[in-house]
Each structure stands twice: as structure tokens, then as C-alpha cells.
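The numbers here are math on the coordinates, done by the rules we state, and not lab data. Being a predicted model, the structure only gives us computed values, none of them experimental. With ideal geometry, Cβ positions are generated from the backbone for all residues, glycine too; neighbour counts draw on all protein chains shown.
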């Protein structure tokens, strides 16, 4: 259910989960590791952060939360959004995306979601 709410569903072959909450990231990582049995080498991390924030600190923090080594991160995306230019820094570590490149896992999770939601629409 968490993946259905916060995960990527549009690109076949890419399992993506995006969130800023460290507890949600820990939960989805446990799901991927324990339930889906994703091999460690399949995980990639990606951070979206405002340019005035400490992206190196964010990378270290997100790496420790997700237990993904920094060498497995894509380059951090730093760009100011016009709509958030004057807002407070309520996301000091940015938003974190977990990527798993796996068509098999993408189809498996999609099937589970269809099964769950299909049972409610009878």
C-alpha cells in the first residue's frame, strides 16, 4: 500500500519510491529487502534538494537511513523551485528516491497492487 501511494507506477522496469520521511524510507527499504528480496547491488539513491542546503550532509544522512552506500547514489539534483523560493527549509535533507531497475519486480508489485485493489472493487 505504501508503494502504491508513494511509488512510481508509470515507467515499466523501474521501481521508484520517493519520500522525505525517514521512517517511510526505512519501512519501504525493509519491504524491498525482506519481502521482495532485492539484492543490495540493485539499489540506487537519488536526492532532490534546494541549492542553498548542505547536499553533502543530506547525502550522508539519506545513505545512513536507507543503508545504501554513497557510491550507489545518482548525482544529487539541486534546483530552486520558484514556488518554494520564500518558504522555510522544512526539508533540510531534501526528498529521497530509491530506484531499483527491475522489470520483474515492477510487474510483481503492480500485480500485488491490482490484486489488493481488485478485491475491494467487487
Mind sorting 38, 15 by how few other Cβ atoms lie within 10 Å of their own Cβ, fewest first?
38, 15
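Report the calculated FRET efficiency for residue 107 and residue 21 (r = Cβ-Cβ distance, R0 = 35 Å), to the nearest 0.05. Before the final figure, lay out the partial values.
Numbers: r = 27 Å, r/R0 = 0.77.
Using R0 = 35 Å, I get an efficiency of 0.85.
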